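Q: First the structure, which I've put down as C-alpha coordinates, then a few questions once you've had a look.
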Amino acid sequence: MENKVLENKRKYMNPYLAGFLLGLVIIFAFYYTGRGLGASGAIKSAVVASVDAVAHKHALASEFYAPYASKEESPLNSWLVFEIIGVMIGALISGIVAGRLKLKVEHSPKISSKTRLIMAVLGGVLFGIGSQLGRGCTSGAALTGMATLSTAGFVSMLAIFGTGYTFAWFFRKFWI
Amino acid sequence: MGPLIPNEIIGANWDFLIALLVGIGFGYILERAGFSSSRKLAGVFYGYDFVVLRVFFTAAITAAIGLYYFQYFEWIDLSMIYINPLYLTSTLIGGVIMGFGFIIGGYCPGTSVCGAMIGKIDAMVFIGGIFLGIFFYGETYELLWKKIYLDNFLGAPLVFDSLGISNALFILGLSIAALLAFWITAQIPKFVKRVDY
(Lines give C-alpha, C1' and ligand atoms only; values in the text may rest on other atoms or scores of the structure.)
Protein backbone atom coordinates (compact mmCIF):
# COMPACT_ATOMS: atom_id res chain seq x y z
CA MET A 1 0.00 0.00 0.00
CA GLU A 2 2.81 2.37 0.96
CA ASN A 3 4.44 1.72 -2.40
CA LYS A 4 1.21 2.31 -4.25
CA VAL A 5 0.74 5.68 -2.57
CA LEU A 6 4.30 6.69 -3.39
CA GLU A 7 3.88 5.56 -6.95
CA ASN A 8 0.69 7.61 -7.33
CA LYS A 9 2.42 10.64 -5.90
CA ARG A 10 5.16 10.38 -8.48
CA LYS A 11 2.66 10.07 -11.28
CA TYR A 12 0.75 13.20 -10.36
CA MET A 13 2.09 16.57 -11.32
CA ASN A 14 2.95 19.00 -8.54
CA PRO A 15 -0.38 20.82 -7.96
CA TYR A 16 1.18 24.29 -7.88
CA LEU A 17 3.00 23.64 -11.15
CA ALA A 18 -0.24 22.29 -12.63
CA GLY A 19 -2.10 25.39 -11.45
CA PHE A 20 0.55 27.68 -12.90
CA LEU A 21 0.45 25.91 -16.27
CA LEU A 22 -3.36 25.96 -16.26
CA GLY A 23 -3.20 29.70 -15.58
CA LEU A 24 -0.99 30.09 -18.68
CA VAL A 25 -3.53 28.11 -20.72
CA ILE A 26 -6.27 30.50 -19.57
CA ILE A 27 -4.14 33.54 -20.51
CA PHE A 28 -3.42 31.95 -23.91
CA ALA A 29 -7.16 31.37 -24.49
CA PHE A 30 -8.06 34.96 -23.61
CA TYR A 31 -5.17 36.45 -25.58
CA TYR A 32 -6.21 34.65 -28.76
CA THR A 33 -9.96 34.35 -28.52
CA GLY A 34 -11.13 36.70 -25.76
CA ARG A 35 -12.74 33.81 -23.88
CA GLY A 36 -11.75 31.25 -21.31
CA LEU A 37 -12.37 27.60 -20.51
CA GLY A 38 -15.63 25.68 -20.31
CA ALA A 39 -17.03 22.19 -20.09
CA SER A 40 -20.80 22.07 -19.53
CA GLY A 41 -21.37 24.21 -22.64
CA ALA A 42 -20.22 21.39 -24.91
CA ILE A 43 -22.65 18.92 -23.31
CA LYS A 44 -25.40 21.51 -23.69
CA SER A 45 -24.56 21.66 -27.41
CA ALA A 46 -24.91 17.87 -27.56
CA VAL A 47 -28.31 18.04 -25.83
CA VAL A 48 -29.54 20.79 -28.16
CA ALA A 49 -28.28 18.89 -31.23
CA SER A 50 -30.00 15.69 -30.06
CA VAL A 51 -33.32 17.36 -29.32
CA ASP A 52 -33.10 19.25 -32.62
CA ALA A 53 -32.43 16.05 -34.54
CA VAL A 54 -35.29 14.13 -32.92
CA ALA A 55 -37.88 16.91 -32.66
CA HIS A 56 -36.96 19.99 -34.68
CA LYS A 57 -40.33 21.74 -34.23
CA HIS A 58 -40.26 21.17 -30.50
CA ALA A 59 -36.75 22.66 -30.34
CA LEU A 60 -37.83 25.74 -32.28
CA ALA A 61 -40.78 26.28 -29.95
CA SER A 62 -38.61 26.19 -26.82
CA GLU A 63 -36.99 29.34 -25.52
CA PHE A 64 -34.09 27.22 -24.27
CA TYR A 65 -33.25 25.36 -27.50
CA ALA A 66 -34.45 27.82 -30.14
CA PRO A 67 -31.48 30.25 -30.10
CA TYR A 68 -29.22 27.34 -31.17
CA ALA A 69 -31.67 25.15 -33.08
CA SER A 70 -32.83 27.95 -35.38
CA LYS A 71 -29.34 28.55 -36.80
CA GLU A 72 -28.19 27.17 -40.15
CA GLU A 73 -25.17 25.43 -38.70
CA SER A 74 -25.26 22.57 -36.24
CA PRO A 75 -25.17 23.43 -32.53
CA LEU A 76 -22.16 21.11 -32.39
CA ASN A 77 -20.18 23.53 -34.54
CA SER A 78 -19.19 25.57 -31.51
CA TRP A 79 -16.02 26.73 -29.79
CA LEU A 80 -16.72 24.79 -26.62
CA VAL A 81 -17.31 21.54 -28.51
CA PHE A 82 -13.88 21.82 -30.15
CA GLU A 83 -12.38 22.75 -26.81
CA ILE A 84 -13.89 19.69 -25.11
CA ILE A 85 -12.62 17.44 -27.92
CA GLY A 86 -9.22 18.90 -27.04
CA VAL A 87 -9.80 18.09 -23.35
CA MET A 88 -10.53 14.48 -24.32
CA ILE A 89 -7.32 14.26 -26.36
CA GLY A 90 -5.24 15.95 -23.65
CA ALA A 91 -6.61 13.74 -20.86
CA LEU A 92 -6.05 10.62 -22.95
CA ILE A 93 -2.42 11.59 -23.68
CA SER A 94 -1.82 12.24 -19.99
CA GLY A 95 -3.50 8.97 -19.03
CA ILE A 96 -1.25 7.08 -21.43
CA VAL A 97 1.89 8.89 -20.26
CA ALA A 98 1.07 8.21 -16.60
CA GLY A 99 -0.06 4.64 -17.27
CA ARG A 100 -3.51 5.28 -15.81
CA LEU A 101 -5.76 3.85 -18.54
CA LYS A 102 -7.96 1.32 -16.80
CA LEU A 103 -11.65 0.54 -17.02
CA LYS A 104 -13.05 0.69 -13.49
CA VAL A 105 -15.64 2.10 -11.13
CA GLU A 106 -13.79 4.11 -8.53
CA HIS A 107 -15.48 4.09 -5.14
CA SER A 108 -14.92 4.08 -1.41
CA PRO A 109 -14.62 0.54 0.02
CA LYS A 110 -17.67 1.37 2.16
CA ILE A 111 -20.05 1.52 -0.78
CA SER A 112 -20.74 -0.81 -3.70
CA SER A 113 -20.02 -0.05 -7.35
CA LYS A 114 -23.76 0.14 -7.93
CA THR A 115 -24.25 2.78 -5.23
CA ARG A 116 -21.34 4.76 -6.65
CA LEU A 117 -22.82 4.68 -10.16
CA ILE A 118 -26.26 5.79 -8.94
CA MET A 119 -24.64 8.66 -7.01
CA ALA A 120 -22.56 9.61 -10.06
CA VAL A 121 -25.64 9.84 -12.28
CA LEU A 122 -27.47 11.85 -9.64
CA GLY A 123 -24.51 14.22 -9.21
CA GLY A 124 -24.31 14.61 -12.98
CA VAL A 125 -28.00 15.48 -13.22
CA LEU A 126 -27.57 18.13 -10.52
CA PHE A 127 -24.50 19.53 -12.27
CA GLY A 128 -26.44 19.61 -15.55
CA ILE A 129 -29.26 21.64 -14.01
CA GLY A 130 -26.98 23.84 -11.89
CA SER A 131 -24.64 24.69 -14.75
CA GLN A 132 -27.54 25.89 -16.91
CA LEU A 133 -29.01 27.99 -14.13
CA GLY A 134 -25.58 29.29 -13.09
CA ARG A 135 -24.46 30.07 -16.67
CA GLY A 136 -21.54 27.69 -16.57
CA CYS A 137 -19.87 25.10 -14.36
CA THR A 138 -16.71 24.97 -12.29
CA SER A 139 -14.58 25.64 -15.40
CA GLY A 140 -16.53 28.36 -17.15
CA ALA A 141 -18.33 30.11 -14.31
CA ALA A 142 -16.02 29.63 -11.31
CA LEU A 143 -12.43 29.18 -12.57
CA THR A 144 -12.55 31.36 -15.69
CA GLY A 145 -14.84 33.82 -13.92
CA MET A 146 -12.29 34.22 -11.14
CA ALA A 147 -9.41 34.55 -13.61
CA THR A 148 -11.05 37.63 -15.16
CA LEU A 149 -11.86 38.90 -11.64
CA SER A 150 -15.58 38.94 -12.42
CA THR A 151 -17.81 39.19 -9.36
CA ALA A 152 -19.97 36.42 -10.84
CA GLY A 153 -16.95 34.07 -10.83
CA PHE A 154 -16.32 34.58 -7.12
CA VAL A 155 -20.01 34.27 -6.21
CA SER A 156 -20.18 31.06 -8.23
CA MET A 157 -17.05 29.60 -6.62
CA LEU A 158 -18.26 30.45 -3.12
CA ALA A 159 -21.70 28.96 -3.82
CA ILE A 160 -20.31 25.69 -5.23
CA PHE A 161 -17.59 25.05 -2.66
CA GLY A 162 -19.56 26.60 0.23
CA THR A 163 -22.37 24.12 -0.43
CA GLY A 164 -19.88 21.28 -0.80
CA TYR A 165 -18.29 22.03 2.58
CA THR A 166 -21.60 22.68 4.33
CA PHE A 167 -23.09 19.35 3.31
CA ALA A 168 -19.94 17.19 3.06
CA TRP A 169 -20.63 15.69 6.49
CA PHE A 170 -23.95 14.20 5.34
CA PHE A 171 -22.33 12.45 2.41
CA ARG A 172 -19.13 11.33 4.14
CA LYS A 173 -19.83 7.60 3.95
CA PHE A 174 -19.69 7.81 0.17
CA TRP A 175 -16.11 9.06 0.26
CA ILE A 176 -14.28 8.27 3.51
CA MET B 1 -3.15 44.02 -29.36
CA GLY B 2 -5.10 41.04 -28.04
CA PRO B 3 -7.53 39.43 -28.01
CA LEU B 4 -6.21 38.57 -31.45
CA ILE B 5 -9.24 37.00 -33.09
CA PRO B 6 -11.90 39.51 -31.89
CA ASN B 7 -9.47 42.28 -32.90
CA GLU B 8 -9.13 40.65 -36.34
CA ILE B 9 -5.36 40.46 -36.08
CA ILE B 10 -5.55 36.79 -36.99
CA GLY B 11 -8.43 35.28 -38.94
CA ALA B 12 -11.53 33.76 -37.35
CA ASN B 13 -10.62 30.46 -39.03
CA TRP B 14 -8.09 29.97 -36.26
CA ASP B 15 -10.80 30.03 -33.61
CA PHE B 16 -11.54 26.30 -33.57
CA LEU B 17 -7.88 25.31 -33.81
CA ILE B 18 -7.12 27.50 -30.79
CA ALA B 19 -10.12 25.91 -29.03
CA LEU B 20 -8.67 22.47 -29.68
CA LEU B 21 -5.20 23.48 -28.44
CA VAL B 22 -6.60 25.15 -25.32
CA GLY B 23 -8.64 22.01 -24.65
CA ILE B 24 -5.63 19.72 -25.04
CA GLY B 25 -3.68 21.83 -22.55
CA PHE B 26 -6.63 21.94 -20.15
CA GLY B 27 -7.33 18.20 -20.35
CA TYR B 28 -3.68 17.20 -20.11
CA ILE B 29 -3.04 19.34 -17.02
CA LEU B 30 -6.25 18.27 -15.25
CA GLU B 31 -5.56 14.57 -15.76
CA ARG B 32 -1.85 14.93 -14.96
CA ALA B 33 -2.69 16.66 -11.67
CA GLY B 34 -5.07 13.84 -10.71
CA PHE B 35 -8.43 15.47 -11.49
CA SER B 36 -9.54 12.26 -13.22
CA SER B 37 -10.08 10.65 -9.80
CA SER B 38 -13.30 11.48 -7.94
CA ARG B 39 -11.85 10.30 -4.64
CA LYS B 40 -8.88 12.62 -5.05
CA LEU B 41 -11.23 15.50 -5.90
CA ALA B 42 -13.54 14.79 -2.96
CA GLY B 43 -10.50 15.00 -0.66
CA VAL B 44 -10.84 18.77 -0.65
CA PHE B 45 -14.13 18.43 1.24
CA TYR B 46 -12.82 15.93 3.80
CA GLY B 47 -9.30 17.21 4.34
CA TYR B 48 -7.28 14.29 3.01
CA ASP B 49 -6.26 15.80 -0.34
CA PHE B 50 -6.24 19.47 -1.29
CA VAL B 51 -5.19 19.19 -4.92
CA VAL B 52 -8.41 20.93 -6.08
CA LEU B 53 -7.80 24.00 -3.94
CA ARG B 54 -4.12 24.18 -4.93
CA VAL B 55 -4.59 23.84 -8.67
CA PHE B 56 -7.75 25.94 -8.78
CA PHE B 57 -6.40 28.91 -6.83
CA THR B 58 -2.97 28.85 -8.42
CA ALA B 59 -4.53 28.80 -11.89
CA ALA B 60 -7.01 31.61 -11.18
CA ILE B 61 -4.38 33.85 -9.60
CA THR B 62 -1.75 33.14 -12.29
CA ALA B 63 -4.30 33.96 -14.99
CA ALA B 64 -5.56 37.08 -13.22
CA ILE B 65 -2.02 38.44 -12.66
CA GLY B 66 -1.09 37.58 -16.25
CA LEU B 67 -4.17 39.16 -17.79
CA TYR B 68 -3.81 42.38 -15.81
CA TYR B 69 -0.09 42.62 -16.67
CA PHE B 70 -0.99 42.03 -20.33
CA GLN B 71 -3.38 44.94 -20.00
CA TYR B 72 -0.72 47.07 -18.29
CA PHE B 73 1.71 46.43 -21.17
CA GLU B 74 -1.16 47.08 -23.62
CA TRP B 75 -0.94 43.58 -25.08
CA ILE B 76 -4.62 42.90 -24.47
CA ASP B 77 -7.74 45.02 -24.27
CA LEU B 78 -9.59 43.55 -21.30
CA SER B 79 -12.74 45.45 -22.24
CA MET B 80 -13.03 43.05 -25.19
CA ILE B 81 -12.88 39.79 -23.26
CA TYR B 82 -15.87 37.88 -21.96
CA ILE B 83 -16.82 38.83 -18.41
CA ASN B 84 -19.39 36.56 -16.75
CA PRO B 85 -22.62 38.47 -16.17
CA LEU B 86 -23.95 38.52 -12.63
CA TYR B 87 -27.51 37.37 -12.19
CA LEU B 88 -27.30 37.10 -8.43
CA THR B 89 -30.23 34.72 -7.86
CA SER B 90 -29.37 32.17 -10.53
CA THR B 91 -25.62 32.34 -9.91
CA LEU B 92 -26.23 31.51 -6.23
CA ILE B 93 -28.92 28.86 -6.73
CA GLY B 94 -27.07 27.32 -9.67
CA GLY B 95 -23.90 27.23 -7.56
CA VAL B 96 -25.69 25.55 -4.65
CA ILE B 97 -27.15 22.89 -6.97
CA MET B 98 -23.67 22.32 -8.46
CA GLY B 99 -22.21 22.08 -4.94
CA PHE B 100 -24.60 19.21 -4.20
CA GLY B 101 -23.71 17.69 -7.57
CA PHE B 102 -20.04 17.82 -6.64
CA ILE B 103 -20.34 16.24 -3.19
CA ILE B 104 -22.77 13.56 -4.44
CA GLY B 105 -21.20 12.82 -7.82
CA GLY B 106 -17.56 13.52 -7.04
CA TYR B 107 -16.87 15.17 -10.37
CA CYS B 108 -17.62 18.39 -12.18
CA PRO B 109 -18.20 18.41 -15.95
CA GLY B 110 -14.58 19.08 -17.01
CA THR B 111 -13.07 16.57 -14.61
CA SER B 112 -15.64 13.91 -15.52
CA VAL B 113 -14.51 14.13 -19.16
CA CYS B 114 -10.92 13.52 -18.00
CA GLY B 115 -12.02 10.62 -15.80
CA ALA B 116 -14.07 9.07 -18.58
CA MET B 117 -11.14 9.25 -21.00
CA ILE B 118 -8.91 7.16 -18.75
CA GLY B 119 -11.62 4.57 -18.20
CA LYS B 120 -13.53 5.63 -15.07
CA ILE B 121 -17.01 4.20 -15.57
CA ASP B 122 -18.42 6.40 -12.80
CA ALA B 123 -17.19 9.43 -14.76
CA MET B 124 -18.90 8.16 -17.91
CA VAL B 125 -22.27 7.80 -16.19
CA PHE B 126 -21.73 11.21 -14.55
CA ILE B 127 -21.53 12.71 -18.06
CA GLY B 128 -24.74 10.83 -18.91
CA GLY B 129 -26.26 12.45 -15.83
CA ILE B 130 -25.19 15.93 -16.97
CA PHE B 131 -26.81 15.24 -20.33
CA LEU B 132 -30.06 14.20 -18.60
CA GLY B 133 -29.90 17.20 -16.26
CA ILE B 134 -29.50 19.69 -19.10
CA PHE B 135 -32.29 17.93 -21.02
CA PHE B 136 -34.57 18.17 -17.98
CA TYR B 137 -33.65 21.86 -17.57
CA GLY B 138 -34.34 22.52 -21.26
CA GLU B 139 -37.71 20.79 -21.14
CA THR B 140 -38.80 22.64 -17.99
CA TYR B 141 -37.07 25.98 -18.67
CA GLU B 142 -40.16 28.13 -19.19
CA LEU B 143 -42.07 26.35 -16.45
CA LEU B 144 -39.53 26.20 -13.63
CA TRP B 145 -36.37 28.13 -14.31
CA LYS B 146 -36.88 31.15 -16.57
CA LYS B 147 -37.91 33.56 -13.83
CA ILE B 148 -35.03 32.59 -11.52
CA TYR B 149 -32.60 32.55 -14.47
CA LEU B 150 -33.27 36.18 -15.33
CA ASP B 151 -33.87 37.55 -11.83
CA ASN B 152 -31.60 40.12 -10.14
CA PHE B 153 -29.42 41.03 -13.13
CA LEU B 154 -26.56 43.25 -11.92
CA GLY B 155 -24.56 43.69 -15.14
CA ALA B 156 -21.06 42.24 -15.45
CA PRO B 157 -19.24 43.80 -12.49
CA LEU B 158 -15.62 43.14 -11.59
CA VAL B 159 -14.97 41.99 -8.07
CA PHE B 160 -12.59 44.82 -7.10
CA ASP B 161 -15.20 47.37 -8.23
CA SER B 162 -17.86 45.52 -6.23
CA LEU B 163 -15.58 45.76 -3.18
CA GLY B 164 -14.54 49.36 -3.96
CA ILE B 165 -10.78 48.69 -4.08
CA SER B 166 -8.13 48.75 -6.84
CA ASN B 167 -7.46 45.69 -8.99
CA ALA B 168 -3.86 45.51 -7.77
CA LEU B 169 -4.89 45.57 -4.12
CA PHE B 170 -7.48 42.87 -4.72
CA ILE B 171 -5.01 40.57 -6.51
CA LEU B 172 -2.45 41.11 -3.74
CA GLY B 173 -5.08 40.27 -1.10
CA LEU B 174 -6.24 37.21 -3.03
CA SER B 175 -2.66 35.99 -3.42
CA ILE B 176 -1.97 36.37 0.30
CA ALA B 177 -5.24 34.59 1.10
CA ALA B 178 -4.26 31.77 -1.25
CA LEU B 179 -0.79 31.41 0.33
CA LEU B 180 -2.39 31.25 3.77
CA ALA B 181 -4.90 28.67 2.50
CA PHE B 182 -2.07 26.61 1.00
CA TRP B 183 -0.16 26.67 4.27
CA ILE B 184 -3.18 25.87 6.47
CA THR B 185 -4.42 23.07 4.22
CA ALA B 186 -0.93 21.56 4.16
CA GLN B 187 -1.29 21.02 7.94
CA ILE B 188 -4.81 19.53 7.87
CA PRO B 189 -4.02 16.04 6.48
CA LYS B 190 -1.85 15.44 9.58
CA PHE B 191 -5.01 15.61 11.70
CA VAL B 192 -7.46 13.62 9.60
CA LYS B 193 -7.61 9.92 8.94
CA ARG B 194 -5.58 8.93 5.92
CA VAL B 195 -7.59 7.79 2.95
CA ASP B 196 -5.98 5.53 0.38
CA TYR B 197 -7.41 5.59 -3.09
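The values are calculated or read from the model by the stated rules, or taken from the named source; none is laboratory data. These numbers were taken from a predicted model, which means no experiment stands behind them. No Cβ is skipped: glycine too gets one built from the backbone with ideal geometry, and neighbour counts run over all protein chains shown. Only protein heavy atoms, including side chains, enter the accessible area calculation; ligands, DNA and RNA are left aside. Shrake-Rupley method; radii C 1.70, N 1.55, O 1.52, S 1.80 Å.
Q: Would you check if there is a residue in region B:145-158 being buried (at least 23 other Cβ atoms within 10 Å of the Cβ) and either more than 28 Å from residue A:52 (Cα to Cα) or more than 7 Å from chain A (Cβ to nearest Cβ) (or both)?
A: The first filter runs over region B:145-158 and keeps only residues buried (at least 23 other Cβ atoms within 10 Å of the Cβ), leaving none.
Within region B:145-158 (the criterion being buried (at least 23 other Cβ atoms within 10 Å of the Cβ) and either more than 28 Å from residue A:52 (Cα to Cα) or more than 7 Å from chain A (Cβ to nearest Cβ) (or both)), the answer is no, since none of the residues qualifies.
Q: Something else: Out of the residues in region A:33-63 meeting the condition of being more than 27 Å from residue B:20 (Cβ to Cβ) and assigned to a loop (DSSP other than H, G, I, E, B), tell me which one is most open to solvent (accessible area, probe 1.4 Å).
A: A:63
Q: Does at least one position in region B:53-63 carry a residue that is open to solvent by 30 Å² or more (accessible area, probe 1.4 Å) and more than 29 Å from residue B:157 (Cα to Cα)?
A: no
Q: Additional query: The conditions are (1) assigned to a helix (DSSP H, G or I); (2) closer than 15 Å to residue A:106 by Cβ; (3) within 15 Å of the chain's Cα centre (by Cα), and residue B:107 fails exactly one of them. Which is it?
A: (1)
Q: For residues in region B:131-143 being within 7 Å of chain A (Cβ to nearest Cβ) and open to solvent by less than 30 Å² (accessible area, probe 1.4 Å), which is farthest from residue A:40 (Cα to Cα)?
A: As a first pass, look at region B:131-143 and keep what is within 7 Å of chain A (Cβ to nearest Cβ): B:131-138, B:141-142.
Okay, now just the ones that are also open to solvent by less than 30 Å² (accessible area, probe 1.4 Å), so B:133-134, B:137-138, B:141.
Numbers: B:133: 11, B:134: 9, B:137: 13, B:138: 14, B:141: 17 Å.
Restricting to residues being within 7 Å of chain A (Cβ to nearest Cβ) and open to solvent by less than 30 Å² (accessible area, probe 1.4 Å), the top hit is B:141.
Q: Looking at region B:24-34, is at least one residue modelled with pLDDT of 95 or more and of a type in the set (Asp, Glu)?
A: Filtering region B:24-34 for residues modelled with pLDDT of 95 or more gives B:24-34.
Adding the requirement that they be of a type in the set (Asp, Glu) leaves B:31.
Yes, that holds for at least one residue.
Q: Take the residues in region B:160-197 that are hydroxyl-bearing (Ser, Thr, Tyr) and at the interface with another protein chain (Cβ under 9 Å from one of its Cβ atoms); name whichever of them is farthest from residue B:51 (Cα to Cα).
A: Filtering first and then ranking leaves B:162.
Q: Give me the pairs: first residue in region A:116-140 and open to solvent by 10 Å² or more (accessible area, probe 1.4 Å), second residue of a type in the set (Asp, Glu), beta-carbon distance under 7 Å, and six or more apart or on different chains, which are they?
A: Partner pairs satisfying both residue conditions: A:117/B:122.
Q: Determine whether region B:45-68 contains at least one residue that is assigned to a helix (DSSP H, G or I), more than 7 Å from every other protein chain (Cβ to nearest Cβ) and without any contact (Cβ under 8 Å) to a residue 12 or more places away in the chain.
A: No, there is no match, as no residue in region B:45-68 is assigned to a helix (DSSP H, G or I), more than 7 Å from every other protein chain (Cβ to nearest Cβ) and without any contact (Cβ under 8 Å) to a residue 12 or more places away in the chain.
Q: Next question. Report yes if some residue within region B:76-88 is farther than 18 Å from residue A:37 by Cα, in a loop (DSSP other than H, G, I, E, B) and open to solvent by 20 Å² or more (accessible area, probe 1.4 Å); otherwise report no.
A: Yes: one or more hits.
Q: Please go through region B:25-44 and pick out each residue that is more than 25 Å from residue A:150 (Cα to Cα) and at the interface with chain A (Cβ under 7 Å from one of its Cβ atoms).
A: The answer is B:28, B:31, B:32, B:33, B:34, B:36, B:37, B:38, B:39, B:42.
Q: What's the number of the only condition in (1) crowded, with 21+ Cβ neighbours inside 10 Å; (2) of a type outside the set (Ser, Thr, Tyr); (3) within 8 Å of chain A (Cβ to nearest Cβ); (4) within 23 Å of residue A:83 (Cα to Cα) that residue B:16 fails to meet?
A: (1)
Q: Which of the helices (runs of 4 or more DSSP H) contained wholly in region A:70-159 include at least 3 residues that are farther than 21 Å from residue B:58 by Cβ, at the interface with chain B (Cβ under 7 Å from one of its Cβ atoms) and touching a strand residue (DSSP E or B) at 6+ places or on another chain (Cβ under 6 Å)? Reasoning before the result, please.
A: Values: elements: A:79-98, A:113-133, A:144-147.
Helices (runs of 4 or more DSSP H) meeting the threshold: none at all.
Q: I'd like the full set of residues that are of a type in the set (Val, Ile, Thr) and within 7 Å of chain A (Cβ to nearest Cβ), limited to region B:97-112. Reasoning before the result, please.
A: The first filter runs over region B:97-112 and keeps only residues of a type in the set (Val, Ile, Thr), leaving B:97, B:103-104, B:111.
Once the filter is applied, which keeps residues that are of a type in the set (Val, Ile, Thr) and within 7 Å of chain A (Cβ to nearest Cβ), region B:97-112 yields B:97, B:103, B:104.
Q: Okay, moving on. Just to verify a result, which residue in region B:19-42, among those that are charged (D, E, K, R) and open to solvent by less than 40 Å² (accessible area, probe 1.4 Å), is nearest to residue A:17 (Cα to Cα)?
A: B:31
Q: Let me ask something else about it. Taking region B:97-110 as the search range and keeping residues that are among the small types (Gly, Ala, Ser) and touching a Cys at 6+ places or on another chain (Cβ under 8 Å), which one is surrounded by the fewest Cβ atoms within 10 Å (Cβ to Cβ)? Full working, then the answer.
A: Kept after step one, since they are among the small types (Gly, Ala, Ser), are these residues of region B:97-110: B:99, B:101, B:105-106, B:110.
Retained after the next criterion (residues that are touching a Cys at 6+ places or on another chain (Cβ under 8 Å)): B:101, B:110.
Values: B:101: 32, B:110: 27.
For region B:97-110, the residue satisfying everything is B:110.
Q: Out of B:115, B:128, B:94, report the one residue that is within 7 Å of chain A (Cβ to nearest Cβ), open to solvent by less than 10 Å² (accessible area, probe 1.4 Å) and among the small types (Gly, Ala, Ser).
A: On the way: B:115 fails: within 7 Å of chain A (Cβ to nearest Cβ); B:128 fails: open to solvent by less than 10 Å² (accessible area, probe 1.4 Å).
Testing whether each residue is within 7 Å of chain A (Cβ to nearest Cβ), open to solvent by less than 10 Å² (accessible area, probe 1.4 Å) and among the small types (Gly, Ala, Ser) leaves just B:94.
Q: Looking at region A:51-81 only, could you name the residues that are closer than 21 Å to residue B:16 by Cβ and of a type outside the set (Asp, Glu)? Before the answer, list the steps.
A: Narrowing region A:51-81 to residues closer than 21 Å to residue B:16 by Cβ: A:52, A:67-69, A:71-81.
Scanning region A:51-81 gives A:67, A:68, A:69, A:71, A:74, A:75, A:76, A:77, A:78, A:79, A:80, A:81.
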